[in-house]
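The values are calculated or read from the model by the stated rules, or taken from the named source; none is laboratory data. Quick caveat, the model's predicted, so the values are computed rather than measured. Cβ: placed from backbone, ideal geometry, glycine included. Neighbour counts: every protein chain shown. The protein model used for the area step is the full one, side chains on, heavy atoms only, and it has no ligands, DNA or RNA in it. Shrake-Rupley method; radii C 1.70, N 1.55, O 1.52, S 1.80 Å.
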Amino acid sequence: MLRPHKSESRLIAALSGKAVSPPPIWLMRQAGRYLPEYREVRAKAGSCESELAVPLGPLDAEAMAATIEALKIPRTVKTPLAAAIEQVAADLEGVTGPRIVVVVSDGQESCGGDPEAAVRALRDQGFDVTINVVGLGLDKQDRRRIRRLATLGGGSYFDARGAGQLEDAIGAAVSAPYEVRDATGTVVGRGIVNGPALRLPPGTYRVTVLTDPPHEFEAVVLGSADSATLTLPAAP
């Protein structure tokens, strides 16, 4: 088994209010417009719009928290998953290095879009992004459907059965992804730092943690009954 480990990522440290340098880059897009003038008009008919609630920029944890606390989304707002995913390329235009998109949803697409097609189109453009998905209080059918988005996006699915599990699920979803290549250079596994261990056959592997810059572990050797924990440097 193979498990990359890091005591605390730079993003998690910043979200916890700690000073890190440089700060991670962050944005947030949400379903439904949250400004009062839009809520009044859209609440009656239901909205399929999404809004860039926090523009791209260095993470300000206090400002982000204040924005989230102020959100008031009408119950009639629908779930435009496909439309939101289609905006990813524009939202992250010009960003270099690893890009992680976290989709948090408590339901299925309800605006007539095709989220799976949106993810495929994003990847077909050659846009280098990992899509992780957090499902909140989903039933079995919706969970299976939304998990597929993470698979297509080269990411992972995290299940939160209630608000009490949501913090841990999002914390895992923003962890750095990694990939494992065998001696031929073929990718044989993917995961996230501090996530579940990968089960691999005996062999020699190269592990690349997709941080900025990437961190490489060369010649990781696993025997038939071996396990390995790879430790990354702590956040500066």
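Looking only at the stretch 181-236, count every residue that is hydrophobic (A, V, I, L, M, F, W, C), open to solvent by 90 Å² or more (accessible area, probe 1.4 Å), in a loop (DSSP other than H, G, I, E, B) and modelled with pLDDT of 85 or more and tell me the total. It would help to see each step written out before you state the result.
Here is the first cut: in the stretch 181-236, the ones hydrophobic (A, V, I, L, M, F, W, C) are 183, 187-188, 192-193, 197-198, 200, 207, 209-210, 217, 219-222, 225, 228, 230, 232, 234-235.
Still in the list and also open to solvent by 90 Å² or more (accessible area, probe 1.4 Å): 183, 221, 225.
Checking which are in a loop (DSSP other than H, G, I, E, B) leaves us with 183, 225.
From what's left, modelled with pLDDT of 85 or more: 183.
Summing the residues that are hydrophobic (A, V, I, L, M, F, W, C), open to solvent by 90 Å² or more (accessible area, probe 1.4 Å), in a loop (DSSP other than H, G, I, E, B) and modelled with pLDDT of 85 or more in the stretch 181-236 gives 1.
Out of the stretch 132-189, which residues are touching a residue at least 60 places away in the same chain (Cβ under 8 Å) and within 26 Å of E216 (Cα to Cα)?
N132, I170, G171, A173, V174, S175, A176, P177, Y178, V180, G189
Only one of these conditions is not met by L56: (1) in contact with a Leu (Cβ under 8 Å, 6 or more places away or on another chain); (2) open to solvent by 60 Å² or more (accessible area, probe 1.4 Å); (3) modelled with pLDDT of 85 or more. Which number is it?
(3)
Considering only residues of the stretch 101-128 that are crowded, with 20+ Cβ neighbours inside 10 Å and of a type in the set (V, I, T), which is nearest to F158 (Cα to Cα)?
Result: V103.
Every residue in the stretch 110-168 that is in a loop (DSSP other than H, G, I, E, B) and either in contact with a Leu (Cβ under 7 Å, 6 or more places away or on another chain) or charged (D, E, K, R) (or both), please.
G113, D114, D128, V129, D139, R161
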